[in-house]
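Report on the structure given below.
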Amino acid sequence: MVYLGIDIGGTGIKAALIDEQGRILHHSETPTRAADGAAAVLDRVEQLARAVMSRADSPVQGCGVGSAGRIDHRRGHVIFASGNLPGWTGLDLGPELSQRLGVPVVADNDVNAAATAEGWVGSAKGTADYLMMTLGTGVGGAVVIGGKLWRGARSGAGEVGHMALYPDGLPCNCGGRGCAEQYVSAKALTRRSNEALEKGHPFRGIREVLSAAERGPAARREAAKVGVERFTVDLALFLANLQNAFDPQVMIIGGGIVRLGYWWDRLLEATARECRPRSLSIRLKRAHCGPQAGVVGAARVAMLAQIKAGRAMAGAKRQE
Ligand SMILES: [Zn+2]
């Protein structure tokens with residue numbers, strides 16, 4: 001049996017055919033061009049999904065969509081999406097795509113999808129209680145308890161990036177101040193390294209920062225190290241707070257940054273320093289599924305929804 005997984009982000013749309021073992025059979029992607037508005041983005045999603053579905057050897061059983069934003073997965077409704085996807089708030093994403101594609105569609109938050117993929121075929125395989133954090137432009141989070149996503153009462157669980165680390169700190173696009181994502185996102189690592197750089201051209205991203213920290217010229221190396229130090233110390237405090245709140249078996253860290261060196265060992269050191277006086281124990285793992293986590297996890301969410309619906313139907317039949 002084959003499922004379609006779709007991942008809609010602020011910069012790219014991905015779609016893939018996924019089999020029951022979590023293998024990617026075919027994959028394609030296209031830019032989101034979010035500024036064109038929700039209708040144009042939906043057209044592009046449909047076009048991409050149709051092209052990918054046409055490569056399937058057997059009928060596509062169902063489709064899962066992971067999207068940025070707060071999603072009511074029961075209705076496939078976007079409760080809130082930030083400015084990265086204009087016009088997305090209020091959209092009936094699941095029903096709309098189901099109508100366009102002619103298959104059942106389940107919609108969920110993109111980090112929930114990524115966490116599902118890690119639990120299925122990735123770093124959290126076989127783990128019942130874990131958190132997933134993605135460090136990118138922002139900080140995304142997902143909570144898995146007893147092997148199931150914990151979505152919260154209003155589909156807002158896991159929005160850990162907007163927990164405050166610094167009261168009265170930097171303003172955030174959520175309307176708050178001092179949010180974690182202003183300090184422990186990949187974007188923040190670049191900014192903080194640039195703040196430590198006295199002269200020379202600024203670092204253009206984490207790749208430059210992390211390679212400078214290891215082998216850059218002295219002044220750049222120093223600035224990059226200071227940036228990484230501030231970033232990892234704050235991230236360790238942030239993770240210790242989450243450990244206290246949820247006591248997961250493991251925390252999975254995702255985002256492009258996990259494929260880069262230097263910072264991970266600094267994070268482990270900072271976390272150990274943070275944990276010792278509190279008698280806390282934190283286990284960190286880098287995400288395994290990489291950029292395809294979203295499509296793999298979205299397909300799995302669709303698969304699980306059908307299994308659950310099948311069980312409910314079988315239960316109802318027994319009752320008759
Ligand atoms: Zn915020």
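Can you pull out the GluC sites (Glu not before Pro) in segment 173-224 that DSSP calls coil and that have at most 11 other Cβ atoms within 10 Å?
Filter output for segment 173-224: 198.
Only sites in a loop by DSSP and with at most 13 other Cβ atoms within 10 Å count here; which trypsin sites (Lys or Arg not before Pro) in segment 136-223 make the cut? Walk me through the numbers on the way to the answer.
Numbers: sites: 148, 151, 154, 177, 187, 191, 192, 199, 204, 207, 215, 220, 221; in loops: 151, 154, 199, 204.
Answer in residue order: 154, 199, 204.
Amide H neighbours of residue 12 under 5 Å, at least 5 residues apart or on other chains, H built in the peptide plane: list them.
Sorted by chain and number, the residues that satisfy this are 32.
Using a Förster distance of 41 angstrom, determine the FRET efficiency expected from the C-beta separation of residue 154 and residue 226, and round it to 0.05.
0.55
Across segment 24-104, what fraction of all alpha-carbon pairs, as a whole percent, falls in each successive 5 Å bin from zero upward?
3, 14, 25, 25, 19, 10, 3, 1
For the Cα atoms of the chain, what angle does the longest principal axis make with the long axis of helix 206-215, in degrees from 0 to 90, nearest 10?
The helix 206-215 is inclined about 40 degrees to the chain.
Summing -39500 (n - 2.57) over the DSSP H runs of n ≥ 4 in the chain and dividing by its residue number, what mean residue ellipticity at 222 nm do you reach, to the nearest 500 deg cm²/dmol?
-13000 deg cm²/dmol
For Cα pairs less than 8 Å apart in space and 6+ apart in sequence, what is the mean separation divided by the residue count of segment 127-286, i.e. the relative contact order in percent?
Values: 272 pairs, mean separation 37.0, N = 160.
Taking the mean separation of contacting Cα pairs over the length of segment 127-286, I get 23 percent.
When a/c is below 1.5 the answer is rounded, else prolate if a/b is larger than b/c, else oblate, so apply that to segment 61-182 with a ≥ b ≥ c taken from the square roots of the Cα gyration tensor eigenvalues. Show your work: numbers first, answer last.
Working: a/c = 2.34, a/b = 1.26, b/c = 1.86.
It is oblate, given that a/c is not under 1.5 and a/b is not larger than b/c.
Assign unit charges at the C-beta atoms only (+1 for Lys and Arg, -1 for Asp and Glu), then state the dipole size of the chain relative to its Cα centre in Debye, rounded to the nearest 20.
400 debye
Please go through segment 1-57 and write out the trypsin sites (Lys or Arg not before Pro) that DSSP classes as loop and that have at most 16 other C-beta atoms within 10 Å.
Those satisfying the criteria are 23, 33, 55.
Only bridges with both residues in the chain count here: give the DSSP antiparallel percent, nearest 5.
Percentage antiparallel, nearest 5: 60.
Ordered by residue, what ³J(HN,Hα) values in Hz, to whole numbers, does segment 114-129 give under the Karplus form 6.51 cos²θ - 1.76 cosθ + 1.60, where θ = phi - 60° and Gly and Pro are x?
4, 5, 4, 4, 5, x, 7, 10, x, 5, 9, 4, x, 9, 7, 10
Which residue, 200, 149, 240, has the largest displacement toward the positive end of the dipole of segment 127-286 when charges sit on each Cβ (Lys, Arg +1; Asp, Glu -1)?
200
Going Cα to Cα from residue 308, which lysines come in below 24 Å? Please leave out same-chain ones fewer than 8 positions away.
Candidates past the 8-residue exclusion: 125, 148, 317.
Using just the Cα positions, wrap segment 158-202 in a convex hull and report its mean projected area in square nanometres, one decimal place.
Here the figure is 3.5 nm², rounded to one decimal.
Charges only on Cβ, +1 for Lys and Arg, -1 for Asp and Glu: so what's the dipole of segment 127-286 about the Cα centre, in debye to the nearest 20?
320 debye
When the Karplus curve 6.51 cos²θ - 1.76 cosθ + 1.60 is applied with θ = phi - 60°, which whole-Hz ³J(HN,Hα) does each residue of segment 311-318 get, with x for Gly and Pro?
Each residue's phi maps through the Karplus curve to give 5, 4, 5, 4, x, 5, 5, 4 Hz.
According to the square roots a ≥ b ≥ c of the eigenvalues of the Cα gyration tensor, what is the shape class of the chain, taking rounded for a/c under 1.5, prolate for a/b larger than b/c otherwise, and oblate for the remainder?
Taking the square roots of the gyration eigenvalues as a ≥ b ≥ c, the chain is prolate.
Residue farthest toward the positive end of the dipole of segment 170-232, with Cβ of Lys/Arg at +1 and Asp/Glu at -1: which of 211, 226, 171?
211
Please compute the contact order of the chain in relative form: average sequence separation of alpha-carbon pairs under 8 Å and at least six residues apart, divided by the residue count, as a percent.
Details: 674 pairs, mean separation 63.0, N = 320.
Result for the chain is 20 percent.
Could you tell me the distance between the Cα centroids of segment 270-298 and segment 166-239, to the nearest Å?
19 Å
Just grab the label-to-label distance for residue 177 and residue 54, each label 7 Å out from Cα along the Cβ direction, in nm (one decimal).
So the label points at residue 177 and residue 54 sit 5.4 nm apart.
Once the convex hull of the alpha carbons of segment 127-286 is built, what does its volume come to per residue, in cubic angstrom?
Dividing the Cα hull volume of segment 127-286 by its residues yields 116 Å³.
Taking amide H positions as placed 1.01 Å from N in the peptide plane, with prolines and chain starts having none, which residues 5 or more places from residue 141, or on another chain, fall under 5 Å of its amide H?
Residues meeting the amide H criterion: 134, 160, 161.
Got a sec to turn the phi values of segment 62-79 into Karplus ³J(HN,Hα) couplings, 6.51 cos²θ - 1.76 cosθ + 1.60 with θ = phi - 60°, whole Hz, x for Gly and Pro?
x, 9, x, 10, x, 9, 4, x, 8, 10, 7, 5, 5, 9, x, 9, 8, 6
The numbers here are math on the coordinates, done by the rules we state, and not lab data. None of these values were measured; they are calculated from a predicted model. Neighbour counts run over all protein chains shown; Cβ positions are idealised from the backbone, glycine included.
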